[in-house]
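The values are calculated or read from the model by the stated rules, or taken from the named source; none is laboratory data. Nothing here was measured: the structure is a model prediction, and the numbers come from that model. All Cβ positions, even for glycine, are placed from backbone atoms using ideal geometry, and neighbour counts span all protein chains on display.
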């Protein structure tokens, strides 16, 4: 049977299972809940275990033949750097960086089903502080984001002074940010330039004409390894717009393997994904910043996670 994809076309008051039942003929509530309990339902490539999860136009509900990997938890988060001003972590794929403000009021039991990185880090830092008998309040400020489906390096500020300094760096494109990804076909070294619009016409972000509201997207891309039908790429961000790499590569005809959301330009039939990628093949591999408090230049590098290395071995 493989994976079945159902795109949400219109605004709805239904949550994920109600929407799925409307799009998949003959699916009962009992059968839908069994699919969710078996970790076979995802939204935009991410496992969904929350029956109350709302969907919006453009969301893609997946029903997989094989289960998704388990939900990432506290033990899947690795702290790479920690001081009183800054924390840098290795975020697992499938974990939300920051919970939406409207979801902060959820009960702890519901939050624990799919914890956010912010919540996990809060617990880890409090535990470390307890070991050192430090009772300082734990605050985390987001200064940049990576997609929920993406793994890799992410930094948080621990106070407002550090947050302001890092935000200024990111706004002026000073930090070094490199990603690895895998795409179908062959791809030559080039610089992708376009203007991002919030709605390209189908509810998704995309490239459009240069207007007052459009934001520039610049990504420097070069091939790293060539597989039989796929290419591993290094993507260096000059700008850092939402979903930038995924959008530009999809519009160039090379959607990132495992991406169910961005598959091509508006109005063009999306190509099938024959890669068998277990999740979005995108990884934040390198981050270089200047520490706002000390002025020291810091760089972190991470190789692909083991699950993706095993998958790429199969591609050979």
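For segment 84-102, indicate whether the set of residues that are part of a helix (DSSP H, G or I), at pLDDT below 90, surrounded by fewer than 13 Cβ atoms within 10 Å (Cβ to Cβ) and out of contact with any helix residue (DSSP H, G or I) (no Cβ under 6 Å at 6 or more places or on another chain) is non-empty.
Going through segment 84-102, the residues part of a helix (DSSP H, G or I) turn out to be 101-102.
Checking the rest, the ones that are also at pLDDT below 90 come to 101-102.
Remaining after also requiring surrounded by fewer than 13 Cβ atoms within 10 Å (Cβ to Cβ): 101-102.
If we keep only those that are out of contact with any helix residue (DSSP H, G or I) (no Cβ under 6 Å at 6 or more places or on another chain) as well, we get 101-102.
Yes, there is a match, as at least one residue in segment 84-102 is part of a helix (DSSP H, G or I), at pLDDT below 90, surrounded by fewer than 13 Cβ atoms within 10 Å (Cβ to Cβ) and out of contact with any helix residue (DSSP H, G or I) (no Cβ under 6 Å at 6 or more places or on another chain).
Of the residues making up segment 47-72, those that are modelled with pLDDT of 85 or more and under 16 Å from residue 260 (Cα atoms) number 13. Quick check on my filter: what residues within segment 150-191 are in a loop (DSSP other than H, G, I, E, B), surrounded by fewer than 21 Cβ atoms within 10 Å (Cβ to Cβ) and on the phi < 0 side of the Ramachandran plot? If the condition is that a residue be in a loop (DSSP other than H, G, I, E, B), surrounded by fewer than 21 Cβ atoms within 10 Å (Cβ to Cβ) and on the phi < 0 side of the Ramachandran plot, then 159, 172, 174, 175, 186, 187, 188, 189 are the ones that fit. Just so you know, in segment 139-149 the residues that are under 18 Å from residue 300 (Cβ atoms) and out of contact with any helix residue (DSSP H, G or I) (no Cβ under 9 Å at 6 or more places or on another chain) include one that is surrounded by the most Cβ atoms within 10 Å (Cβ to Cβ), and it is 146.
Among the residues of segment 278-316, write down those that are part of a strand (DSSP E or B) and either loosely packed, with under 14 Cβ neighbours inside 10 Å or touching a helix residue (DSSP H, G or I) at 6+ places or on another chain (Cβ under 8 Å) (or both). Give the derivation first.
Going residue by residue through segment 278-316, those that are part of a strand (DSSP E or B) are 282-290, 297-301.
282, 283, 289, 290, 297, 299, 301, listed by residue number.
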